[in-house]
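Note sheet for the following structure.
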Amino acid sequence: MKPPQRVVITWMGTINPIGSNISDFRQNLKNNNGWTRFLDEEVKKQHWIVHDNIGVKVAAPIMDDLDKRSEDELWLGRKERRRMSKLMKIYELAAAEAITNSGLDLKNVLRKKIYYATSMWWFDSITKWIESWMSNKLKNASRTFAIPTWIISTQVFNISKRYEFWYKSPQPFTEACAAWLYGVKTAFHEIRNNEIDVGLVWWWDTMISPNGLRGFNSTKALSTRDDLTASRPWDAEVDGFVMADWGWFLVFESLEHAKKRNAKIIAEVFGFGERADHFSLTSPDPSGIGIEWAIWDLLATSGLSIEEIDAWWLHRTSTWGDVSEMKWVMRFLREHDMTWWFFAWKSRTGHTLAWATILSLIEWIIYMEENYINPMKHLHTLHPEVKAQLNRHYIDQLTSDSARSVKIIKFIINGLAFGGYNIAWAFWKYIE
C-alpha cells in the first residue's frame, strides 16, 4: 500500500474584476489597482429590465466582455455561448486558462476528478431569464435552455465531455462562503489517499443582479455608500460589504504525478480543519471558539506547529463582524506570543461569497512568490475597538500606504459561513 501522497497546486485560472487572467491579476495587484464601479454602468451593460430600488450604489462586477473573447479562447461556438449564463462563461474561461497552462494532457490521465462549489450560483441566471420571459423578450427556442441553465450539475457538462471525465464529485459543495474549502478538502483527501492523481477544483458565484443585490441588502449586509471606497474592513465607518463576481479554477495533483511530468509546482497543501459552532444562522460565535477549534484541528492533522506559520488570512468582509473577529484573533496570538502577518484583501476585491477564501489563496501565492504584501485600501480611521486590540506592529501593518517586503513560506486561511461553519487550511511554498 502506498504511503499518503503529498498534494500540490500546479496551475491557476481566473476571470475577475481586477484581471481577466492570472497575469493581469498579478500585474494589477502590483499596481494596487481598484475594482469597484457604480451600478449604473452595470445596468446598461447587462440590460437589466427591473433595476430600480436596489438600494445599492456600487459593486465589483467582471469588467471583461465575456462575449467578445477570441475564437481560440472558446471551447464552444458563439451560437452555443449565447445560450450560456454569465456564470457558465466565467467558469469556462477560468478553466481554459488553468488547464491549458498546466500542461496536462487530461484525456490521457485516467485517475482524475472534478470538484465544484458555489453558494447561490443561480441568482444572475434566474433574474435574467424571468425578466426576459415576463417582458416577452425571450424567444421560444431560448426558453428550452432555462432549466438546464439553472441546474448546477449542468455547469460542468462541457468540461466533463471535453476532457473525458468519467466521474466527478458526487454533489456540488454549497456551504455558502466556505463552499470552496469543502471542494478542496475532498480533492485533498482523495489525492492524499491515492484514489486519484489529478483533481480540478473550481468556484463561482454571480450575485450581481437586481434580485441578488436586493436580497442581500434587505439583510442590512451590503454597503449603501455612493462611493467607490465602500469596502472598508476594520474602518470606523464600515457599513457593509460590496458584492463581487469572480471565477477561479485550480489544478491539484499528487506530488508524484506532478514531478513525473516536470510540472511547475506553485504551492503545497498541508492540511485542513473544520468545526461548526452553531451560534447563529448568520454569525459565528463572537468568542471565536469555532475557528479556534478549526485551527487546532488543522495543526493536529497537518503536523504543523504554531511557530512555523508566517501569515494568517482572515475572513473579514467589511461588516460589523470584523470587529469580533479581530478580538478573538488577537487573543489567540497573544496567548501564544505570536506575531503573524495578516491582511484585509476584501478592501481591494469586495466579497466574493463561495470563493471568498480561494481569492485569498491565489493572492497569497502571488505574494509568496514575489515576497511582498500590498497595503490595505480604504482604511481611513481604524475602528476604535479594533485599534484597542492591536500592538504597534499590527497598527503599522494595517495603516501602511505602501507595499511591504515580506518573505512568506507557510500560511493559513480561515473561512466562516452561514450556519456557523468554521474552516481552516494550511498552504506553503513548495520546497523539495
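Between G290, L416, G350, the Cα set farthest toward the positive side of the dipole of the range 274-428 (charges on each charged residue's Cβ, about the Cα centre) is that of G350. In terms of packing, defined here as the mean over residues of other Cβ atoms within 10 angstrom, the peptides 8-14, 369-375 line up highest first as 8-14, 369-375. Rounded to the nearest whole Hz, the Karplus-based 3J(HN,Hα) values (6.51 cos²θ - 1.76 cosθ + 1.60, θ = phi - 60°) of the range 32-38 follow the sequence 6, 6, x, 8, 6, 8, 6, with x at glycine and proline. Each residue of the range 281-295 was assigned a 3J(HN,Hα) from its phi angle through the Karplus curve 6.51 cos²θ - 1.76 cosθ + 1.60 (θ = phi - 60°); the sequence is 4, 10, 10, x, 4, x, 6, x, 5, x, 6, 5, 4, 4, 5 Hz, with glycine and proline shown as x.
The Cα center of the range 370-432 and the Cα center of the range 248-283 differ in position by 19 Å. Segment T301..E370, full-extension length gain: 22.0 nm, with 0.36 nm per residue of separation and the alpha-carbon distance subtracted. Relative contact order of the range 274-428, taken over Cα pairs closer than 8 Å and 6 or more residues apart, is 41 percent. What FRET efficiency, computed as 1/(1 + (r/R0)^6) with R0 = 35 Å and r the Cβ-Cβ distance, is obtained for S287 and N33, rounded to the nearest 0.05? Efficiency at R0 = 35 Å is approximately 0.40.
Calculate the FRET efficiency for E41 and E237 from the Cβ-Cβ distance with a Förster distance of 25 Å, rounded to the nearest 0.05.
Values: r = 25 Å, r/R0 = 0.99.
With R0 = 25 Å, the Cβ-Cβ based efficiency is 0.50.
Each of N108 and E308 was given a label point 7 Å from its Cα along the Cα-to-Cβ line. The distance between the two points is 3.6 nm. For the range 211-227, putting each phi into the Karplus relation 6.51 cos²θ - 1.76 cosθ + 1.60 with θ = phi - 60° gives couplings of 6, x, 5, 4, x, 5, 5, 5, 8, 6, 8, 8, 6, 10, 5, 8, 7 Hz, in residue order, rounded to whole numbers and with x for Gly and Pro.
Too long at a 28 Å Cα-Cα cut-off: which of K57/K410; K57/K377; K113/K377; K220/K429; K2/K259?
Details: K57/K410 38 Å; K57/K377 19 Å; K113/K377 38 Å; K220/K429 39 Å; K2/K259 17 Å.
Correct reply: K57/K410; K113/K377; K220/K429.
By the count of other C-beta atoms within 10 Å, a proxy for reagent exposure, F272, F418 are ordered fewest to most as F418, F272.
Read the figures in this text as sums done on the coordinates, not as results from a lab. All figures in this text were calculated on a predicted structure; none of them were measured in a lab. As a convention, Cβ positions derive from the backbone with ideal geometry for all residues, glycine included, and neighbour counts pool all protein chains shown.
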